[in-house]
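Enquirer: Let me begin by handing over the structure; questions about it come next.
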Amino acid sequence: MNAGQLQSLKELIEFLKQQGVGGFELEQEGLKVRLRFAGHGDSAESVDIEPIAQPRHAPKASAPPTAAPVASMQASDAASTADEEAGLHIIKSPIVGTFYEASAPGAEPFVKVGDKVESGQVVCIVEAMKLMNEIESDKAGVIKAILSENGQPVEYGQPLFLIA
């Protein structure tokens, strides 16, 4: 899934939430996406993304490389609401991947708790499919908390930093 497809999927999810749709399925370009929203017969919101057919070059015994885990967003949404009410801004992961606090192993982290950041400043890297995506702060302020561990997987929409 490329960046353009991911952005389109994010926009579709937001549109469907605003319209109050309970669930949605889409098959396109060898990918199947299934969405279920809380309050419509399910206890949690989830997004399932899976390939329709296994790639020809992949061994049959291995899992398809583009399969993504089910993302449950209910807990992160509750935490986000509480933090926003406390006057803190949340920087969320725009993609599923692996969180890295520095540009290389052993290098200084991009930011630490207490650091001042400017809008547009790189705060971390999220690796997705061997691509290193620099995540930038979308607001100036002071880092109050780092909510992910270095080298740990992160989900789409997962809070990464709190800024005051």
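Quick note: the coordinates plus some simple rules give every number you see, no bench work behind them. All of these numbers come straight from a predicted model, not from anything done at the bench. A quick note on method: Cβ atoms are made from the backbone with ideal geometry, for glycine too, and the neighbour counts reach across all protein chains shown.
Enquirer: List, in the order given, every pair from Lys112/Lys139; Lys10/Lys92; Lys116/Lys144; Lys17/Lys130 whose Cα-Cα distance in the structure shown is over 19 Å.
Expert: Checking Cα-Cα distances, Lys17/Lys130 exceed 19 Å.
Enquirer: Enumerate the calculated ³J(HN,Hα) couplings along segment 149-154 in order (Karplus 6.51 cos²θ - 1.76 cosθ + 1.60, θ = phi - 60°), each rounded to whole Hz, writing x wherever the residue is Gly or Pro.
Expert: Values per residue, Gly and Pro as x: 9, 4, x, 8, x, 10 Hz.
Enquirer: Could you compute the net charge surrounding Ser119? Neighbours are other residues with a C-beta less than 11 Å from the C-beta of Ser119; K and R count +1, D and E count -1. Walk me through the intermediate numbers first.
Expert: Values: positive: Lys139; negative: Glu118, Glu136, Asp138.
My count for the surroundings of Ser119 gives -2.
Enquirer: Going by C-beta contacts inside 10 Å, put Ser93, Ser103 in order with the fewest on the left.
Expert: Fewest-to-most ranking of Ser93, Ser103: Ser103, Ser93.
Enquirer: Considering segment 76-163, what Rg and Dmax in Å follow from its alpha-carbon atoms?
Expert: Just the Cα atoms of segment 76-163 yield Rg and Dmax of 12.2, 36 Å.
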